[in-house]
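Student: Submitted below is the structure of interest, expressed as structure tokens.
The values are calculated or read from the model by the stated rules, or taken from the named source; none is laboratory data. As the structure is a prediction and not an experimental result, all values here were calculated from the model. No Cβ is skipped: glycine too gets one built from the backbone with ideal geometry, and neighbour counts run over all protein chains shown.
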Amino acid sequence: MHITELPVPFQKVNDAHIVFGFIPNMDEAISARPKTIPQELEWDRLAQLMHLDMLNAEQKAELDRLIKEENGAIATDMYRYVRAWSQSFRPSLDDKLKVMGWCLSQLLREPPSFIRT
């Protein structure tokens, strides 16, 4: 089932947000993140690989395909929000990766096959 509105904590971001790492609701997103999420280690690992730009072309293509299949047209806005987090200079790396992992867990039902441990 495709969602039609951005769920919490996602917000629309533009190219400038991504380039300069500006997160409109950074503090609220950090506060809203649950203490734990299912499969947290896998989501955090995926966030770390994305942040460090360590996904190969095949993995990026699989991730893009899965996100679009599960979220339809709104997937682009959701994925751009995650990318903006990756570019941000604040918060701490730990908070950044935790929120990115949480967002990715909302984008997909389960971690991609290449990330499962």
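Student: Based on this model, can you work out whether Ala47 counts as in a helix (DSSP H, G or I) and modelled with pLDDT of 95 or more?
Tutor: When the stated conditions are applied, Ala47 passes them.
Student: Taking Pro34 as meeting all but one of (1) assigned to a helix (DSSP H, G or I); (2) in contact (Cβ under 8 Å) with a residue 12 or more places away in the chain, write down the number of the exception.
Tutor: For Pro34, the exception is condition (1).
Student: Sticking with this structure for a sec: Out of (1) surrounded by 14 or more Cβ atoms within 10 Å (Cβ to Cβ); (2) under 28 Å from Ser113 (Cβ atoms); (3) at pLDDT 90 or above; (4) not hydroxyl-bearing (Ser, Thr, Tyr), what's the single condition that is false for Asn25?
Tutor: Of the numbered conditions (1) surrounded by 14 or more Cβ atoms within 10 Å (Cβ to Cβ); (2) under 28 Å from Ser113 (Cβ atoms); (3) at pLDDT 90 or above; (4) not hydroxyl-bearing (Ser, Thr, Tyr), the odd one out for Asn25 is (2).
Student: Please state which one of Arg90, Arg65 is over 13 Å from the mean Cα position of the chain (by Cα) and either on the phi > 0 side of the Ramachandran plot or not in a helix (DSSP H, G or I) (or both).
Tutor: Arg90
Student: For the range 50-62, which positions are in a helix (DSSP H, G or I) and either farther than 15 Å from Tyr79 by Cα or polar (S, T, N, Q) (or both)?
Tutor: Those that are in a helix (DSSP H, G or I) and either farther than 15 Å from Tyr79 by Cα or polar (S, T, N, Q) (or both): Ala57, Glu58, Gln59.
Student: So is Glu69 buried (at least 17 other Cβ atoms within 10 Å of the Cβ) and not hydroxyl-bearing (Ser, Thr, Tyr) or not?
Tutor: no
Student: Taking the options Arg83, Arg45, name whichever one is farther than 16 Å from Ile115 by Cα and either under 13 Å from the mean Cα position of the chain (by Cα) or among the aromatic types (Phe, Trp, Tyr) (or both).
Tutor: Result of the check over Arg83, Arg45: Arg83.
Student: A follow-up question, please. Just to be sure before I move on: is Ile18 of a type outside the set (S, T, N, Q) and assigned to a loop (DSSP other than H, G, I, E, B) in the structure I sent?
Tutor: Details: of a type outside the set (S, T, N, Q): yes; assigned to a loop (DSSP other than H, G, I, E, B): no.
Spelling it out, it is not the case that Ile18 is of a type outside the set (S, T, N, Q) and assigned to a loop (DSSP other than H, G, I, E, B).
Student: Specify the residue that is modelled with the highest pLDDT; the eligible residues are those in the range 78-115 that are in contact with a Leu (Cβ under 6 Å, 6 or more places away or on another chain) and under 16 Å from Phe10 (Cβ atoms).
Tutor: Ranking the candidates gives Leu104 first.
Student: Do you know which residues across the range 71-87 are in contact with a helix residue (DSSP H, G or I) (Cβ under 7 Å, 6 or more places away or on another chain) and more than 16 Å from Met50 (Cβ to Cβ)?
Tutor: Listed by number, the list holds a single entry, Asn71.
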